[in-house]
1. Name the pairs whose Cβ atoms lie under 7 Å apart, with the first residue in segment 377-397 and under 20 Å from GLU348 (Cα atoms), the second open to solvent by 80 Å² or more (accessible area, probe 1.4 Å), and 6 or more positions between them or separate chains?
2. Could you pull out every one of the strands (runs of 3 or more DSSP E) wholly within segment 1-53 that has 1 or more residues that are modelled with pLDDT of 95 or more, open to solvent by 10 Å² or more (accessible area, probe 1.4 Å) and under 20 Å from GLU80 (Cα atoms)?
3. Identify, by number, the condition in (1) open to solvent by 50 Å² or more (accessible area, probe 1.4 Å); (2) more than 26 Å from GLU64 (Cα to Cα); (3) more than 16 Å from ligand 1 (Cβ to nearest atom); (4) not aromatic (Phe, Trp, Tyr) that ARG297 doesn't meet.
4. Residues to consider are GLY184, GLY223; find the one that is open to solvent by 50 Å² or more (accessible area, probe 1.4 Å), assigned to a loop (DSSP other than H, G, I, E, B), without any contact (Cβ under 8 Å) to a residue 24 or more places away in the chain and not aliphatic (A, V, I, L, M).
5. What's the number of the only condition in (1) in contact with a His (Cβ under 7 Å, 6 or more places away or on another chain); (2) open to solvent by less than 30 Å² (accessible area, probe 1.4 Å) that ALA336 fails to meet?
6. Can you pull out every residue in segment 411-435 that is more than 16 Å from ligand 3 (Cβ to nearest atom) and open to solvent by 50 Å² or more (accessible area, probe 1.4 Å)?
7. Is one or more of the residues making up segment 353-367 open to solvent by less than 80 Å² (accessible area, probe 1.4 Å) and closer than 16 Å to ALA276 by Cβ?
8. Please pick out the residue among VAL153, VAL73 that is farther than 27 Å from ARG314 by Cα, not aromatic (Phe, Trp, Tyr) and not assigned by TED's automatic domain parsing to the domain that holds ILE58.
Amino acid sequence: MHTAVVGLQWGDEGKGKVVDLLTARHDVVVRYNGGANAGHTVVVGEDTYALHLIPSGILYPDIECVVGNGVVVDPGKLIEELDSLEARGINGSERLFVSDRAHAVLEYHKMMDGALEEFLTGRSDPEDNRSIGTTRRGIGPAYADKVTRTPAVRMGDIRRGGAALQEKIELACELHAQQLGSLGSTERPDPRAILESCRTWADRLGDRIIDTTYHLHGAVREGKRLLFEGANACLLDIDHGTFPFVTSSNCSTLGIPAGTGLPGRTVDTVIGIMKAYGTRVGAGAFPTELDDAVGERIRERGREYGTTTGRPRRCGWLDLVAVRYATMLCGVDSVACMLLDVLWGLEEVKVCTSYRLPDGSTTDRFLPDSDLLAGVEPVYETLPGWDGPLEGDCAREELPAAAQGYLGFIEEYLELPIGLVSIGPERTQTMVAEHLV
Ligand code: GDP
Ligand code: IMO
Ligand code: MG
């Protein structure tokens, strides 16, 4: 039984918590996209872990973790993450495999990410800000090098080292130095320092960098159960998200085959993760955004501040038009509704069920183009709120009637079952339907 976990909104839906819960029923946890732009939180008792590059399954002692070829790997960050886990008694090094085909995120990618963002900020006219609000983790420039091909450095290059690596790094530094200059940046990459770091990384990670495609096919043949951990989220998908305010990978489930080398039919069950409301970090259209006291209340109660960058997240009502689009793209079988507890105490809650277009007509189709989406007005259904606080260890049937009504409304609209309801960050604060147990 192979399962995929994927975010149905703009990220931070609680994928880390769900992956952690499902890991117990799998053998291998696999990342297939993104990089250190992801921040997945897992709370285990008193301990909170924020994982960026390492699959969240690493917290279980016998689970193998694979970083597939579709991920862009910042080797320094990966080692930092391994070290900080080790300092907390979790030895992940022997259970982690990194694809030799995964592209490396190097210093100049982070410089380029910052320089591009500054360039797009519109220095001459602050009104004309076209910056994306990236995490500045070098994600876009690393994927750009992959597509451009010649200046790209893969993890296998770092493992092998030698003159071939030196040539690649020198060429990449020269090219990026020119680009940085033309963007008005004074930063310049130092090829010698990067090569030195590569040697250190190769010493530490060398035997962890393998052909993960053959490795994963072998695991499937041996009957091991794979859990695919989507990073970022469907509405940030480079092809199907709110372009251009997206990330640079296929973060819907459509990224799984390309990002792992496994055929698409490998996945048996797709679990789509959504918050009970909406959030977004960075720029881009967000029709249901609340710029008022309710939005502020959601941000404070949900502690909606970025796991990777600490930025306050934009908050708003649940947009079911957007979520239904994401469930369609990702082939979702079952939905997990997270952070339901955050909405307690509101007199009423609103859910967006269609959009009003600039010409006055309405549609229940999502518009995956940020400029077009910015022109729609959400049409809401208003539902009764419920009192709280909601506590853990209760069955879904024990939730306040209005909260059950809210979940029922979502199921009906999406024509999908909600198999998991989460009412707090901890493992115990979860209601799981029988078909997921
Ligand atoms: P991810 O990127 O999808 O893994 O999500 P993040 O970890 O970035 O953000 C989700 C945040 O919500 C984390 O701080 C989680 O600990 C927290 N969280 C997860 N589920 C719940 C829940 O049901 N209720 C509350 N209050 N917090 C939750
Ligand atoms: P997880 O896995 C929320 C957003 C950034 C920015 C845009 C592009 O924790 O859900 P990038 O650095 O990728 O070039 O930034 O995408 N973004 C995320 N937002 N959660 C994430 O990951 C994100 N990954 C990227 O905020 O708007
Ligand atoms: Mg996150």
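1. Partner pairs satisfying both residue conditions: GLU377/ARG356; VAL379/ARG356; VAL379/THR362; THR382/GLU348; LEU383/GLU348; PRO384/GLU348; GLY385/GLU347; GLY385/GLU348.
2. Filter on segment 1-53 gives 40-44, 47-51.
3. (3)
4. Result: GLY223 is the single residue among GLY184, GLY223 that is open to solvent by 50 Å² or more (accessible area, probe 1.4 Å), assigned to a loop (DSSP other than H, G, I, E, B), without any contact (Cβ under 8 Å) to a residue 24 or more places away in the chain and not aliphatic (A, V, I, L, M).
5. With (1) in contact with a His (Cβ under 7 Å, 6 or more places away or on another chain); (2) open to solvent by less than 30 Å² (accessible area, probe 1.4 Å) applied to ALA336, the lone miss is (1).
6. Hits for segment 411-435 are GLU412, GLU415, PRO417, GLU426, ARG427, THR428, VAL432, GLU434, HIS435.
7. Yes, segment 353-367 contains a residue that is open to solvent by less than 80 Å² (accessible area, probe 1.4 Å) and closer than 16 Å to ALA276 by Cβ.
8. Working: VAL73 fails: not assigned by TED's automatic domain parsing to the domain that holds ILE58.
Only one candidate passes the filter, namely VAL153.
The values are calculated or read from the model by the stated rules, or taken from the named source; none is laboratory data. The structure presented is a predicted model; accordingly, all values stated were derived computationally and were not measured. Every residue, glycine among them, receives a Cβ derived from its backbone with ideal geometry; neighbour counts consider all protein chains shown. What goes into the accessible areas is simple: the full protein's heavy atoms, side chains included, and nothing from ligands, DNA or RNA. Shrake-Rupley method; radii C 1.70, N 1.55, O 1.52, S 1.80 Å.
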